2 protein chains.
Amino acid sequence: MKPTPAGAGPGRAATIYEVARLAGVSHQTVSRYMADRSKLKAATSDKVERAMAELNYTPNLAARSLRTRATYRLLALVPGASPFFPSRMLTGAAATAQDAGYHLDVVALEGSGPERTERLRRILDGGPFAGALSFVPLAGTDLLQAQERIPVVVAGEYDDQMRGQGRMSDGSAAQAIVAHLAALGHRRIAHIAGPQAWPAARNRLSVYRRAVQHAGLEDGGVAEAEWSAASGYAAAQTLIADRSITAIFAANDQLAIGAIRALHEEGRRVPDDVSVVGWDDHPESAFLVPSLTTVHMDLEAQGGHAMKQLLAALKPGGTLPTEAGTAGTRLVLRESSGPAPRAPRETRLEP
Amino acid sequence: MKPTPAGAGPGRAATIYEVARLAGVSHQTVSRYMADRSKLKAATSDKVERAMAELNYTPNLAARSLRTRATYRLLALVPGASPFFPSRMLTGAAATAQDAGYHLDVVALEGSGPERTERLRRILDGGPFAGALSFVPLAGTDLLQAQERIPVVVAGEYDDQMRGQGRMSDGSAAQAIVAHLAALGHRRIAHIAGPQAWPAARNRLSVYRRAVQHAGLEDGGVAEAEWSAASGYAAAQTLIADRSITAIFAANDQLAIGAIRALHEEGRRVPDDVSVVGWDDHPESAFLVPSLTTVHMDLEAQGGHAMKQLLAALKPGGTLPTEAGTAGTRLVLRESSGPAPRAPRETRLEP
DNA sequence: ATCCATTATGTGATCGATAACAAGGAGCAG
DNA sequence: CTGCTCCTTGTTATCGATCACATAATGGAT
């Protein structure tokens with residue numbers, strides 16, 4: 001209704017001085033109102049509140065940041081190379097950051113070793129960030145270099161430490177997968193692991209190994225791969241040379257897709273000859289032919305959780321939240337897993 | 001005098017005053033050096049340059065922004081609901097923004113109508129953004145409200161205006177798809193369109209219509225869907241009730257996956273009975289069974305291009321780049337498309 | 001050599017917030 | 001009623017950059 005609300009210019013945002021004048025107090029009182037309104041008398045607080053509302057005041061972050069040396073910008077490092085980085089994780093993290101009054105700046109970190117370190121250094125120099133959340137595994141030197149400046153949380157690292165503990169962790173789902181395959185009569189299974197630089201990949205591999213042993217199955221081999229379907233395809237080609245393997249556990253859905261393709265080209269049917277299970281439950285996975293048995297993840301929540309860890313680390317008394325962030329994972333049974341073919345060689349149980 | 005050696009402290013960044021003192025000039029000269037070094041004498045410029053290098057100076061953006069009222073933050077609006085928003089587009093845009101000295105803040109815009117408008121308003125009020133790049137279609141009111149404050153570019157809108165013009169645009173690839181199907185003997189084809197709020201979806205639909213007519217084919221129907229596989233599945237169920245349709249052109253790969261699933265469940269083979277083509281060429285699409293005929297897109301480049309448009313609009317004389325940003329699209333032929341079954345009804349050419 | 005139009009550099013004020021310190025008032029014991 | 005806290009509010013300085021204006025240096029033309 002009014003282009004110029006009583007004191008504020010047309011486009012120009014109101015300042016604390018204008019709010020102060022309208023409220024009949026000093027600018028510092030307005031500043032205090034924002035910092036901790038409980039320290040003001042109720043009457044004063046009300047006056048300020050009304051004035052702010054009338055002028056539609058919003059603080060100038062540049063000015064505040066200049067004075068306090070605090071910055072409200074966080075850095076999100078996402079993989080540049082991996083095209084299917086789950087953007088939901090990012091949006092979950094961004095939403096959490098925004099709710100806490102921070103801005104999240106996205107940077108794709110790609111390339112390898114030294115050039116990546118250099119890029120990281122340039123970014124960190126470029127502007128002061130309050131902290132960084134990395135969805136990319138950071139090598140030791142990168143991480144140290146970054147951390148000596150600001151708090152850095154690498155998504156998944158924390159869960160990594162909690163590896164396989166209880167139902168909150170990735171681990172229990174991996175265990176459920178192996179148990180599922182064992183129940184279907186599979187005796188010899190293989191694993192296509194993700195890049196071991198990634199915590200999630202290490203976690204899944206380690207739980208796979210333990211679960212196989214625990215269930216008394218034979219480990220038909222582990223092939224390390226990138227996260228891509230192409231890489232899963234190549235890894236599977238190697239693994240399935242061993243015809244006694246009747247099930248493959250892939251560390252994510254893309255790898256599983258690649259594995260199914262490799263099996264298809266060898267003329268082996270899924271799941272009749274070989275079962276394949278994935279991980280992540282991409283929205284398409286239910287519609288593939290065959291549809292994919294996989295582990296459902298709430299990626300958005302995981303992104304939000306990682307951000308909460310970072311926010312906690314930013315506070316002076318910074319302690320990390322104690323619960324792991326992978327709650328909500330669950331095994332989803334679909335067509336790509338089925339009974340082991342014929343009579344599985346039950347006699348070959350001794351090592 | 002201060003605990004910081006030689007002007008620059010360990011944590012504390014150097015200021016123009018420190019640079020000025022070291023260079024033996026005034027702070028304003030240092031400021032001018034950054035603004036336009038050509039206006040300084042070569043000797044002065046050198047001194048400043050050396051001092052900056054020695055102190056490892058980086059400007060304090062908060063201070064600059066406070067004085068100039070300019071802000072170096074851009075807003076990226078990404079869909080919150082659509083989990084498979086191509087994050088490469090985002091990283092492409094982010095990289096371009098960073099090269100230009102801007103920071104890109106990611107916000108997921110989800111929900112519908114009024115609540116979304118409210119959220120957008122809150123974000124825009126939250127802090128001054130220099131501009132916004134939206135990967136989400138914005139409704140008229142949202143857009144107007146946003147644009148009265150800052151320049152807004154909606155990715156794809158521009159290409160939308162250039163619809164189907166020349167080989168740079170989405171259009172030619174859609175035309176190539178239809179021509180490809182016609183060459184395989186298909187006479188009656190259908191289209192699963194994306195949400196018509198999205199420029200890319202409108203574009204593909206409109207070119208589909210034109211190309212079908214131009215190739216003298218019959219339009220077997222258009223079903224509008226969301227971008228998801230689930231939605232493609234539902235849409236295809238409707239379309240394939242018409243058994244005379246021998247090919248489906250889906251507006252993206254997820255839709256195509258859903259369509260293939262629907263056909264599979266009806267006992268119809270791909271491509272023997274029905275051909276299916278997608279769009280986007282996700283990295284997995286080559287490994288599906290059957291692998292997907294699709295249109296390859298350089299999403300990263302498209303994201304970068306959209307950002308360039310925004311950056312151009314930010315400059316005072318702001319004009320948009322003249323070329324469309326979809327160069328690099330190309331048809332990729334794979335297993336999901338093949339010859340029309342048996343003798344296509346060649347006699348039914350008249351309407 | 002002198003003067004003037006440029007060009008190059010320096011000085012002080014300013015952006016909008018918080019920090020540091022000072023000062024006015026209320027409440028209460030003596 | 002005095003004097004002393006404690007609580008609330010006001011005044012002035014400051015963060016690090018640019019802007020506006022003043023001044024010094026430069027280069028021709030006279």
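Please tell me if B:Leu133 is more than 13 Å from DNA strand C (Cβ to nearest atom), of a type in the set (A, V, I, L, M) and surrounded by 18 or more Cβ atoms within 10 Å (Cβ to Cβ). Outline the logic, then answer.
Working: more than 13 Å from DNA strand C (Cβ to nearest atom): yes; of a type in the set (A, V, I, L, M): yes; surrounded by 18 or more Cβ atoms within 10 Å (Cβ to Cβ): yes.
In short, yes.
Residues in segment A:190-233 that are of a type in the set (S, T, N, Q) and touching a residue at least 60 places away in the same chain (Cβ under 8 Å): 1 in all.
Kindly indicate whether any position in segment B:195-210 is open to solvent by less than 10 Å² (accessible area, probe 1.4 Å), part of a loop (DSSP other than H, G, I, E, B) and away from every other protein chain (no Cβ under 11 Å). Checking segment B:195-210: not a single residue is open to solvent by less than 10 Å² (accessible area, probe 1.4 Å), part of a loop (DSSP other than H, G, I, E, B) and away from every other protein chain (no Cβ under 11 Å). Within segment B:222-241, the residues that satisfy the criterion of being under 20 Å from B:Arg269 (Cα atoms) and in contact with a strand residue (DSSP E or B) (Cβ under 6 Å, 6 or more places away or on another chain) are B:Gly232, B:Ala235, B:Thr238, B:Leu239.
Each row is one residue, and each column tells you yes or no for (1) among the β-branched types (Val, Ile, Thr); (2) under 23 Å from B:Val154 (Cα atoms); (3) buried (at least 21 other Cβ atoms within 10 Å of the Cβ).
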position: B:Glu226; (1), (2), (3): no, yes, no
position: B:Asn252; (1), (2), (3): no, yes, yes
position: B:Ile260; (1), (2), (3): yes, no, yes
position: B:Ala286; (1), (2), (3): no, no, no
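Within segment B:257-295, being away from chain A (no Cβ under 12 Å) and within 17 Å of the chain's Cα centre (by Cα) holds for B:Trp279, B:Val295.
The values are calculated or read from the model by the stated rules, or taken from the named source; none is laboratory data. As the structure is a computational prediction, the values presented were derived from the model and not from experiment. Don't worry about glycine lacking a Cβ; one is built from the backbone with ideal geometry, like all the others, and counts go over all protein chains shown. Note: areas computed on protein heavy atoms with side chains; ligands, DNA, RNA excluded. Shrake-Rupley method; radii C 1.70, N 1.55, O 1.52, S 1.80 Å.
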